[in-house]
Amino acid sequence: MTGTRRAALFAMVLCALALSIAVPLRTYLSQRDELRDVGAEQQKLREQVAALEQRKAQLNDPAYVEIEARKRLRWVRPGETPYIVQLPGDESRNTESERPSGKPAAQRSWYEELWESVTHK
C-alpha cells in the first residue's frame, strides 16, 4: 500500500470512529443536562413541600387560625366592639370589597336593618 492509500484508509477509519462516538456522546451530554435540570426542579419541589407542611402545621393551631380570621376577615367575638382606624390615604382604597360578607352582629330582621339604614343616612 502506498502512503496516500494508507492515509485515506486511516482518515476513513478515523471518520467512522468519530461518527460512531458522536451520537452516543451527544445523547450522554443531553441526558446529563436534563438530569441536572430535573434535580434542580426536584429540589424546588422539596422546598415547596416543606413550606406547605409548615403552613399546614400553622393552620392546625387554633390560635393562629383565630388570629388570621381576625386580621383577614375582621371577625370579632360576641360582645366585642370592632373599630376600624382609617389613616390618611385610605380614602382611595375600596373598603367595600375588603369587608366580609355575612350576617350582621345584631340578630334583627331584614326590614329592621333596612329601615335603620334608611333613617340613619
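The values are calculated or read from the model by the stated rules, or taken from the named source; none is laboratory data. Please read all numbers here as calculations on a predicted model, not as lab measurements. Backbone-built Cβ (ideal geometry, glycine too); neighbour counts: all protein chains shown. Keep in mind that these areas ignore ligands, DNA and RNA; they rest on the heavy atoms of the full protein, side chains included. Shrake-Rupley method; radii C 1.70, N 1.55, O 1.52, S 1.80 Å.
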Read phi for every residue in the stretch 37-50 and hand back ³J(HN,Hα) as whole Hz from Karplus 6.51 cos²θ - 1.76 cosθ + 1.60, θ = phi - 60°, with x for Gly and Pro. 5, 5, x, 5, 5, 5, 5, 4, 5, 4, 5, 5, 5, 4
Please find the FRET efficiency linking SER109 to ILE67, where r is the Cβ-Cβ separation and R0 is fixed at 30 Å, and quote it to the nearest 0.05. 0.35
VAL118 accessible area, nearest 10 Å², 1.4 Å probe? 90
Report ³J(HN,Hα) in whole Hz for each residue of the stretch 63-74, in order, from the Karplus equation J = 6.51 cos²θ - 1.76 cosθ + 1.60 where θ = phi - 60°; Gly and Pro get x. 5, 5, 4, 5, 4, 5, 5, 5, 6, 7, 9, 6
Using a 1.4 Å probe over the heavy atoms of the protein chains, calculate the carbon and sulfur portion of the accessible area of the stretch 7-96 as a whole percent. 63
Return one number: the angle in degrees, 0 to 90 and rounded to the nearest 10, between the long axis of the Cα atoms of helix 110-119 and the longest principal axis of the Cα atoms of the chain. 80
May I ask you to list the chymotrypsin sites (Phe, Trp or Tyr not before Pro) in the stretch 44-92 that are in a DSSP loop and have at most 11 other Cβ atoms within 10 Å of their Cβ? TYR83
Per DSSP H run of at least 4 residues, take -39500 (n - 2.57); add these up for the chain, divide by its residues and hand me the 222 nm value, nearest 500 deg cm²/dmol. -23000 deg cm²/dmol
Whole-Hz Karplus ³J(HN,Hα) for the stretch 15-21, in order, using 6.51 cos²θ - 1.76 cosθ + 1.60 and θ = phi - 60°, x for Gly and Pro? 5, 5, 5, 5, 5, 6, 8
Would you mind estimating how fast the chain diffuses translationally, via Stokes-Einstein at 37 °C and 0.692 mPa s with the Kirkwood radius over Cα pairs, in µm²/s? 143
